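**Student:** Take this structure, written in structure tokens, and hold onto it; I'll ask about it next.
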Amino acid sequence: MLYHVNSLQPKQIVERTVLDNGIVVITTENLAADIIATRIFIRAGSLWEPQEQAGLSNLLSAAIAKGTQQLSSIEIAEQVESVGAYLSADASIDYFLLSLKTVAVDWPEILQLAGQILRSPSFPEAEVELERNLTIQEIRSQKEQPFNIAFDQLRHSVYQNHRYGISVLGTEATVSNLLIADLECYYQTYFRPDNIVISIAGRVTPEEALAQVKKVFGDWQTNDTPLPKLKLPTFKPQPCQVITQQDTQQSILMLGYLASTVKDADYATLKLLNTYLGSGLSSRLFVELREKRGLAYEVSAFYPTRQWESTFVTYIGTASENTETAFDGLRKEVERLSDQLLSQEELLSAKNKLLGQYALGKQTNAQLAQIYGWYETLGLGIEFDKRYQQEIDQVSPEMVQAVAQRYLTKPYVSLVGSAQAIKQLGKVVD
């Protein structure tokens, strides 16, 4: 399958190939720099973890490059550093990722190393224990940060027992109980060729890239056991108010709304709304609540792309004594989207900003490898790149208002602040 890409760089062609063992290979030839970036996606993010093993994929990502059946962690590090390459593993909610970047001449060697890491990790006990302790320290650190506390209690109230309701790090209790046997079982279940997407971008032809991938991964056979079907708990939307009292001069306020998946028709419009409300110094929230009214230390919005239902969030950091006023201002700015049509000027400005940011996010080989591999992993296909931009361009003021009325009316409210702030919030919510 061929796909032509229009970007700020010369026209690029993206090719999609499926190997006999099920691996999907996406290649983007880009001659702009003598760099090849590779993203290896596995459909094995934290969404696939049992509730009682939250943090499993994250711990696996921290440990997978710490040793193989052939190499120690030091030998792996030396091989990467000797050629100035980059290699890392990360766990997300919706996928697991191994990232590589190197100059073209060294790419076959680093891809071969990546193959060893993916196909024969050894999970050394000392390395796993070290990464477990580091993860627990990070979890504890996040419990001391007001923004993280506010977001954690917000997503938990929205998603309840769904895996989206817990950080990809897991909890201190679940991470403490993870065993190497758990890592090995999870690895054996999901790390298999028919569950992998390899996305390559850089100074390499599709034919050369495909030949190298086949050399490293072509003999990796899929077993006959079907992949487990993803079983997610159902949850009923129940907008509520969640509060953590903290002796601080600043309040963190969040309004969260259960929103659409990346595959829904409303996704592009919600992305546009997010840009209009909270993207940059010219966004509506920044101008109205910070510049004009001086209410915010920080104010913004975010709407992460998710395979399942996402959350549309607006938030503000404000002085404790301004909690009531800030909440009222934040809520009214969101409600305005349902009550009033955006002007053509406002809508055009938001479209230009969003499409401009999107184009700038596809300039490097690492960005190109990431975005096309990500689309394929989420089941969108590489053609989504063009479709998404077309959908943004077609959004009208009426569509914006309809989507706002559909999703942004009954918020979940999250507050981290002082007793004074909590008292103010109680007054304005009641």
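Every read-out reported here was derived from the displayed coordinates using simple, explicitly stated rules and does not represent laboratory data. Fair warning: this is a prediction, and the values are worked out from it, not measured in the lab. Cβ sites come from the backbone with ideal geometry, for glycine too, and all protein chains shown count toward neighbours.
**Student:** Work out the charge dipole of segment 229-380 with +1 on the Cβ of Lys and Arg and -1 on the Cβ of Asp and Glu about the Cα centre, then indicate which of 359, 273, 237 is farthest towards its positive end.
**Tutor:** With unit charges placed on the Cβ atoms, the residue in question is 359.
**Student:** Also, I was wondering about something else. Of the listed pairs 236/410; 143/410; 271/386; 101/362; 353/386, which have alpha-carbon separations greater than 19 Å here?
**Tutor:** Numbers: 236/410 14 Å; 143/410 27 Å; 271/386 15 Å; 101/362 16 Å; 353/386 17 Å.
From 236/410; 143/410; 271/386; 101/362; 353/386, over 19 Å: 143/410.
**Student:** Take residue 249, project a point 7 Å from its Cα along the Cβ direction, then tell me which residues of segment 278-300 have their backbone nitrogen under 17 Å from it.
**Tutor:** 295-298
**Student:** Also, quick follow-up: Which residue fluctuates the most in the chain, going by a Gaussian network model with Cα springs under 10 Å, if the choices are 193, 50, 228?
**Tutor:** 228
**Student:** Then there is this: Express as a percent, rounded to the nearest 5, the fraction of DSSP beta bridges in the chain (both residues included) that run antiparallel. Kindly include the intermediate steps, with their values, before the conclusion.
**Tutor:** Values: 51 of 62 bridges.
About 80 percent, rounded to the nearest 5.
**Student:** Report the relative contact order of segment 241-429, percent, no decimals, based on alpha-carbon pairs under 8 angstrom and at least 6 residues apart.
**Tutor:** On the way: 299 pairs, mean separation 73.6, N = 189.
Result for segment 241-429 is 39 percent.
**Student:** Cβ under 11 Å from residue 61's Cβ, residue 61 left aside: what net charge do those residues give with Lys, Arg +1 and Asp, Glu -1? Before the final figure, lay out the partial values.
**Tutor:** Working: positive: 66; negative: 90, 131.
Around residue 61, the charge tally is -1.
**Student:** Let me ask you something else. Cross-link candidates for residue 351: which aspartates and glutamates have Cα within less than 12 Å, leaving aside residues fewer than 8 places away along the same chain?
**Tutor:** 391, 393
**Student:** Taking the Cα centre of the chain as the origin, how large is its charge dipole in debye, to the nearest 20, when only Lys and Arg (+1) and Asp and Glu (-1) carry charge on their Cβ atoms? All intermediate terms of the calculation are to be shown ahead of the outcome.
**Tutor:** Numbers: 38 positive and 50 negative charges, 215 e Å.
That gives the chain a dipole magnitude of about 1040 debye.
**Student:** In straight Cα distance, which aspartates and glutamates are under 12 Å from residue 423, not counting same-chain residues fewer than 8 positions off?
**Tutor:** Output for residue 423: 321, 324.
**Student:** Restricting to DSSP loop positions (anything but H, G, I, E, B) with no more than 16 other Cβ atoms inside 10 Å of their own Cβ, which chymotrypsin sites (Phe, Trp or Tyr not before Pro) remain in segment 206-268?
**Tutor:** Working: sites: 217, 220, 235, 257, 267; in loops: 220, 235.
Qualifying residues, ordered by number: 235.
**Student:** List the relative contact order of segment 2-217 as a percent without decimals, with contacts defined as Cα pairs under 8 Å and 6+ residues apart. List each step's numbers first, then the result.
**Tutor:** Values: 372 pairs, mean separation 76.4, N = 216.
Here the relative contact order equals 35 percent.
**Student:** Right, next: Can you give the net charge of the other residues whose Cβ lies under 14 Å from the Cβ of residue 137, counting K and R as +1 and D and E as -1?
**Tutor:** Working: positive: 132, 140, 143; negative: 129, 131, 138, 144, 172.
Taking every Cβ under 14 Å from that of residue 137, the sum is -2.
**Student:** What number, in percent, do you get for the relative contact order of segment 334-430 if the mean sequence gap of Cα pairs under 8 Å and at least 6 apart is divided by its residue count? Could you put the intermediate results ahead of the total?
**Tutor:** Values: 42 pairs, mean separation 44.5, N = 97.
With pairs under 8 Å counted, the relative contact order is 46 percent.
**Student:** While we're here: Given R₀ = 45 Å, what would the calculated FRET efficiency be for residue 341 paired with residue 181, taking r from the Cβ atoms and rounding to 0.05?
**Tutor:** On the way: r = 58 Å, r/R0 = 1.29.
Using R0 = 45 Å, I get an efficiency of 0.20.
**Student:** Still on this structure, please answer the following. Among the aspartates and glutamates, select those whose C-alpha is under 12 Å from the C-alpha of residue 332, and discard any that sit fewer than 8 residues away in the same chain.
**Tutor:** Here the aspartates and glutamates satisfying the reach criterion relative to residue 332 are 288.
**Student:** Can you tell me what percent of all Cα-Cα pairs in segment 282-430 are more than 28 Å apart?
**Tutor:** Numbers: 3604 of 11026 pairs.
Value for segment 282-430: 33 percent of Cα pairs lie more than 28 Å apart.
**Student:** A further question on this structure: Quick check on packing: order 336-349, 100-113 by the mean number of other C-beta atoms within 10 Å, highest mean leading.
**Tutor:** Values: 336-349: 13.9, 100-113: 18.7.
Highest-to-lowest ranking by the protection proxy: 100-113, 336-349.
**Student:** In deg cm²/dmol and to the nearest 500, what is the mean residue ellipticity at 222 nm of the chain if only DSSP H runs of at least 4 residues count, each as -39500 (n - 2.57), divided by the residue total?
**Tutor:** Numbers: 15 runs with 182 residues, N = 430.
Result for the chain: -13000 deg cm²/dmol, rounded to the nearest 500.
**Student:** Local charge sum around residue 87 (other residues, Cβ-Cβ under 14 Å, Lys/Arg +1, Asp/Glu -1)?
**Tutor:** Working: positive: 39, 66, 101; negative: 75, 78, 81, 90, 106, 109.
For residues surrounding residue 87, the net value is -3.
**Student:** Fewest Cβ neighbours within 10 Å first, please rank 93, 74, 196 accordingly.
**Tutor:** Values: 93 19, 74 10, 196 26.
Listing 93, 74, 196 from fewest to most nearby Cβ atoms yields 74, 93, 196.
**Student:** Taking the Cα atoms of the chain, what is the range of coordinates along each of the three principal axes, in descending order and whole Å?
**Tutor:** 64, 49, 39
**Student:** Then there's this: Packing-wise, with mean Cβ within 10 Å as the measure, how do 186-192, 308-314 rank, highest first?
**Tutor:** Working: 186-192: 17.7, 308-314: 21.7.
Listed from highest to lowest mean packing, they are 308-314, 186-192.
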